[in-house]
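Novice: Let me give you the structure first, and then I'll get to my questions.
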């Protein structure tokens, strides 16, 4: 595993019917995802981080936007590794 980190924008839609990583837009460097939890007391943030850690198998942290739907996260990966993770089936 790489010790490099990449910072990515993420748009989180809370209170959805299911957890879903909708996709990645390379032009805007933005992931879009839905989470089941409501945005109350950090529940949506926790679900976001836990879900992304499970999907990527990497450390994921919120860099900014803890109280916003638009966040910046850091992922322990190089840019090439990250792109292969978001394009994986």
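Novice: Under a plain spin-label model, where a point goes 7 Å from the Cα along Cα-to-Cβ, how far apart in nm are residue 74 and residue 18?
Specialist: 3.4
Novice: Is the shape of the stretch 6-87 rounded, prolate or oblate, going by the alpha carbon gyration tensor and its root eigenvalues a ≥ b ≥ c, with a/c under 1.5 for rounded and a/b larger than b/c for prolate?
Specialist: It is prolate, given that a/c is not under 1.5 and a/b is the larger ratio.
Novice: Tilt of helix 43-56 relative to the longest C-alpha principal axis of the chain, in degrees (0 to 90, nearest 10)?
Specialist: The angle comes out near 30 degrees.
Novice: Of 47, 22, 79, which is the most mobile in a GNM of the chain whose springs link Cα atoms less than 10 angstrom apart?
Specialist: Among 47, 22, 79, the largest mean-square fluctuation in the Gaussian network model of the chain belongs to 22.
Novice: Mind giving me the nanometre distance, one decimal, between the label points for residue 43 and residue 26, set 7 Å out from Cα along Cα→Cβ?
Specialist: Taking the two extended label points, one gets 3.8 nm.
Novice: At a threshold of 8 angstrom on Cα-Cα distance, excluding pairs fewer than six apart, so keeping six or more, what relative contact order does the chain reach in percent?
Specialist: 35
Values in this text are rule-based calculations from the coordinates and carry no lab data. Computed from a predicted structure; not experimentally measured. Counting neighbours? That spans all protein chains shown, and the Cβs are built from the backbone with ideal geometry, glycine included.
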